[in-house]
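Beneath this line is the structure, given in structure tokens, with notes to follow.
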Amino acid sequence: MEWLSWIVNIAAIMIIIYMASVSLLYIGMFLVAGPRIKKERQLNREAHIEEISMNKDTFPISVLVPAYNEEVGVVSTARSMLALNYPQFEVIIIDDGSSDQTSEKVIAEFRMKEIDLAIRRYFDTQPVERAYQSTLFPHLFLIQKQNGGKADALNAGINFSKYPYFAAIDGDSLLDRDALLKTMKPIIDSNGKVTATGGTVRIANGSRIVRSEVEKVALPKTPIVLMQIIEYFRAFLIGRLGLSRMNMLLIVSGAFGVFEKNRVIKAGGYKVDTVGEDMELIVRMHKSIKDERSDQRIEYIQDPVCWTEAPSTVSSLRSQRRRWQRGLTETLWTHRSMLFNPKYKGIGLFALPYYLFVELLSAIFELTGYIIIVAGLLFAFISWEITFVMFTATVLYGSLISSLAVLLEEWTYHKYPDVKSLLKLFIWSLSEAFWYRPLTVLWRCEGLIAAIRGKGSWGNMQRKGISEEEAA
Amino acid sequence: MVTVVLWISGTFLLLQIILLIYLSLSKQKGIRNDNSMIHAYHQVLNPYLAFLSGESDQEPELPSDEKTRIRVMEKLLSGYASNIKGAGDQQRMQVTADKYLSEYYRTVLKKGSWAERVNTLYYIEDFTMNTLQTDVKKHFFTLQNRDEEYRQSLRVLARFGEKELIQLLSEELFSMGFIKELLRRMPAESLEDLKKEESLPESVKTGMISYFGETGYYEHLPYVEQHITHKDKEIRLKSLAALCQYRYISSADSLSLFLDSAVWEERMFGARLAGILQLTRYSTTLMKLAGDSNWWVRFAACEALKQMPDGEILLTFAAEGHEDLYAREMARQLQTLKTGVSG
């Protein structure tokens, strides 16, 4: 029995060292992200984008909205796109062979007429069957194609688009009216040195959204969604901003991102046989930039620009997390040659290892930790005292990071109308280690296993629709 | 070991409590300040607008608290600035802004945080506070980073017609887009001075030509036309693009040079211009360009054919009888596609 105890002890020490390193890394990233947010804290955001909102030179954009069985939300999404504040843009809805009424709803709502196609083919996609143009809004298009997955739909959208930049947005997301202006600003200010940008994605559940616009920001009542809000703050305001400041951003959220079309074409477009096409594309863009020795950058802006409906049931959250983990595994596997490769500088030496050890393998380390604790207590090879102390430290550390993320959110957006909402976020963050974290760790491990075995899908969840059509 | 971990946990807890107190207090303070500003703003809005527009001689009483007064004044003047109708309105806004804000803005430019300084520069421009021109210029020369503060300072200086800006444009490398931002703000005399400059970088020249096309002012047309045969390709292309916006070319014969060019952008602009000016003599060339190897040239050629007096017939002929498959496809698309832009 002694050897077993010895192995468990070694494993426990390794996990503690690992967790401490990850903790330090997070603190480090907070220290990188925090000053930037603090610096821009009081900036007049409207005046900041006023110039490009009126400037005739602001690069025109094609907004691509892939949709698969999105009959519930597709019309409000299209309306939200049409209401965007931007000098020149087109909206292209790509129906990826939906079996529901997605296309019919769009055609009827926007009085669309079929048009003939002369599409450029940058990428091969599943056949595009028909294209429509709205008679009410000449810059709104719908293309119908055979089912090929989200990545294939986006590639078809790029083929159809006519502008030099495109925004990729999920069919169930809503954009802030100034989203395009805010995300294009770094591209315009840098005169094209910035080749892609992503902004903060916010969870819309709980907020009042009328006619595709967020009218009042509020917290949801469901704990599972509340925890995701805290998680998003952490991921976006600490993780992504920290990495972006070091030009090592590897994810521009699939929910909303803006890309230079030429760079995406050079990189080969979206990869169709992965569920993590958003991250995979960014890694390939970095590779293409480094291979070309170009000084282009991929940037993240802290402004909240996109609102999305978060999974509100355990089963849909589980499916989402499994899909994310699978996507991450596939991307890291596809680009394993870049890992620890000095040729790719920060991306190869820091960002990819970070995603491997912190984002991917942490699930395994944490799960092992939970097993050791539970088994150790059951078979009495770990004392209650030590378990309690370590667990307390983990809970407090986790909630401290969450609190810091709430602080950054208050500095960037400060739209929660009262102190009560902030307190609620604080208190819920304390409970994370007891139920939410173990569950997500388990699902991430399932996702890892699925990546080694499984196959791809759109991974849809049942949408309730987040926008009210009529003001109450 | 246990003691160390307990100490660390205690520190985490303490930090969290401090953070929580700080956030709660600052949130409460923020909400209170916002409410008092909004209340004061609504109280003075109508009487102050009457005073600004000259309807009333009595200046309404403003909040006694300096910070609230400044915030109210900024909000009030921002709304007023976007609705100014004449020189009189402008004058009254400048005087009011100078009276209540100039001293504060001078202090902010010297001692404020980065965000405060940038906001101040936005307001200085919006309220055309040219009494602060020297302060902004001094501030500009202290800037190290080429960020938004740097760009906004230059925009303010351009708005006030700062003489040194022309020299700066000749020496520093700016993007064409940003140069146009400056040109849009410059007074007419500064633009004339700039046109006389001979050693301007390419980005400034292309910026000027592009901006002139955008304005459509005929006094700049000779400058644009004089550059369509420039040795620099970018300058030539910008001149052609500007002529498309002017919807004019002195000598339509010179277009054939571009329609036959080896540079696809020149063929595209040539086709576009031929369409805009409805130069039917180029219909045959446009029909040939409908089958060009470049998508954009094909698009421009078919669009130009559509604009001709007998455009629908020409497009139908191209859609049905053109020898090139791509030309037929493009013509068909143009037959059904409604050309439109977002608003």
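Are there GluC sites (Glu not before Pro) in segment A:239-316 that DSSP puts in a loop and that have at most 16 other Cβ atoms within 10 Å, and which ones?
A:GLU292
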Sort largest first and round to whole Å: the equivalent ellipsoid semi-axes of chain A, each the square root of five times a Cα gyration tensor eigenvalue.
-> 38, 24, 23
Place +1 on the Cβ of every Lys and Arg and -1 on the Cβ of every Asp and Glu in the protein assembly as shown, take the dipole about the Cα centre, and give the residue among A:ASN55, B:SER26, A:VAL214 whose Cα lies farthest towards its positive end.
-> B:SER26
How large is the charge dipole for the protein assembly as shown, taken about the Cα centre, if only the Cβ atoms of Lys, Arg (+1) and Asp, Glu (-1) carry charge, to the nearest 20 debye?
-> 1540
For A:LYS424, counting only lysines whose alpha-carbon sits under 21 Å away and dropping same-chain residues fewer than eight positions off, the answer is A:LYS216, A:LYS221, A:LYS415, B:LYS27, B:LYS29
Under 12 Å from B:LYS67, Cα to Cα: aspartates and glutamates that are on another chain or at least 8 residues apart | B:ASP34
In a shell of Cβ-Cβ distance under 10 Å around A:ILE49, excluding A:ILE49 itself, what net charge do Lys and Arg (+1) and Asp and Glu (-1) give?
-> -2
Would you look at the GNM of chain B, springs on alpha carbons closer than 10 Å, and say which of B:ASP135, B:ASP292, B:ASP147 moves the most?
-> B:ASP147
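Past the 19 Å Cα-Cα mark, which pairs from A:LYS182/B:LYS85; A:LYS56/A:LYS185; A:LYS261/A:LYS290?
Going by Cα-Cα distance, A:LYS182/B:LYS85 fall outside the 19 Å limit.
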What percent does the relative contact order of segment B:256-336 come to when contacts are Cα pairs within less than 8 Å and at least six residues apart?
-> 26
Neighbours of B:ASP232 by Cβ distance under 10 Å: Lys/Arg at +1, Asp/Glu at -1, summed charge +3
Rounded to the nearest whole number, the per residue volume of the convex hull around the C-alpha atoms of segment A:61-132 in Å³ is 103
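In whole Å, what three semi-axes, largest first, describe the equivalent ellipsoid of segment A:171-249 built from its Cα gyration tensor (square root of 5 times each eigenvalue)?
Listed largest to smallest, the semi-axes of segment A:171-249 are 27, 18, 8 Å.
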So what's the back-of-envelope 222 nm ellipticity for chain B, counting only DSSP H runs of four-plus at -39500 (n - 2.57) apiece and dividing by all residues, rounded to 500?
-> -23000 deg cm²/dmol
Measuring from label point to label point, each 7 Å out along Cα→Cβ, what is the A:GLU385 to B:ASN294 span in nm?
-> 8.0
Kindly express, to the nearest 10 degrees and within the range 0 to 90, the angle between helix B:176-185's C-alpha long axis and the longest C-alpha principal axis of chain B.
-> 70
Taking the alpha-carbon set of segment B:183-247, what are its Rg and Dmax in Å?
-> 10.7, 30
Ordered by fewest other Cβ atoms within 10 Å, a rough proxy for footprinting exposure, A:SER288, A:SER315 read A:SER315, A:SER288
Relative to the longest principal Cα axis of chain B, at what angle does helix B:311-321 sit, 0 to 90 degrees, rounded to 10?
-> 70
Surrounding charge for A:SER337, neighbours by C-beta under 10 angstrom, Lys/Arg +1, Asp/Glu -1, total +3
Mind checking the log10 I(q)/I(0) for segment B:100-164 at q = 0.22 Å⁻¹? Debye, one equal scatterer per Cα, no solvent, two decimals.
-> -0.84
Express in whole angstrom the spacing between the alpha-carbon centres of segment A:96-150 and segment A:411-441.
-> 41
For segment B:256-336, what is the largest minus smallest coordinate of the Cα atoms on each principal axis, given in angstrom and ordered from greatest to least?
-> 28, 25, 18
Cross-link reach from B:LYS137 to aspartates and glutamates, straight Cα distance under 15 Å and at least 8 residues apart if same chain, gives B:GLU125, B:GLU149, B:GLU162, B:GLU164
Among B:THR131, B:THR11, B:THR280, which one shows the biggest mean-square fluctuation in a GNM of chain B, springs joining Cα atoms closer than 10 Å?
-> B:THR11
Relative contact order (%) - chain A, alpha-carbon pairs under 8 angstrom, separation at least six | 19
Return, ordered by residue number, the residues of segment B:154-190 whose backbone nitrogen is under 18 Å from a label point located 7 Å along Cα→Cβ of B:GLN133.
-> B:154-169, B:182-190
Which percent of Cα-Cα pairs in chain B sits in each 20 Å bin, short to long?
-> 23, 36, 29, 12, 1
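Tell me the trypsin sites (Lys or Arg not before Pro) within segment A:4-73 that lie in a loop according to DSSP and have at most 14 other beta-carbon atoms within 10 Å.
Sparse-neighbourhood loop trypsin sites (Lys or Arg not before Pro): A:LYS56.
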Within segment B:222-282, list the GluC sites (Glu not before Pro) lying in a DSSP loop whose Cβ has at most 13 other Cβ atoms in a 10 Å radius.
-> none
For segment A:354-383 and segment A:42-69, what is the separation of their Cα centres, given in Å?
-> 45
In nm, spacing of pseudo-spin labels at A:ASN262 and B:GLN91 (7 Å Cα→C-beta vector) | 5.1
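So what's the convex hull volume per residue for the Cα atoms of the protein assembly as shown, in Å³?
Considering the Cα atoms of the protein assembly as shown, their hull volume per residue is 190 Å³.
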When DSSP assigns beta bridges and you keep just the ones with both residues in the protein assembly as shown, what percent turn out antiparallel, to the nearest 5?
-> 45
Among B:LEU237, B:LEU23, B:LEU277, the residue with the largest mean-square fluctuation in a Gaussian network model of chain B built from Cα contacts under 10 Å is B:LEU23
Taking amide H positions as placed in the peptide plane 1.01 Å from N, state which residues far from A:ILE209 in sequence (5 or more) or on other chains have amide H under 5 Å from it.
-> A:GLU215, A:GLU468
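Helix hunt in chain A: which complete DSSP H runs extend at least 18 Å axially by C-alpha with mean Kyte-Doolittle at least 0.0?
Taking the DSSP H segments of chain A (at least 18 Å long, mean hydropathy at least 0.0), we get A:2-39, A:362-378, A:384-412, A:419-431, A:436-453.
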Kindly work out what percent of the DSSP beta bridges joining two residues of chain A are antiparallel, to the nearest 5.
-> 45
The relative contact order of chain B, taking Cα pairs under 8 Å that sit 6 or more residues apart, comes to a percentage of 7
Size of electric dipole in chain B: Cβ of Lys, Arg +1 and of Asp, Glu -1, about Cα centre, debye, nearest 20 = 760
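No value in this document is a laboratory result; all are computed from the given coordinates. Since the structure is predicted, the reported quantities are computational estimates derived from the model, not experimental observations. Here Cβ is always computed from backbone atoms with ideal geometry, including for glycine, and neighbour counts include all displayed protein chains.
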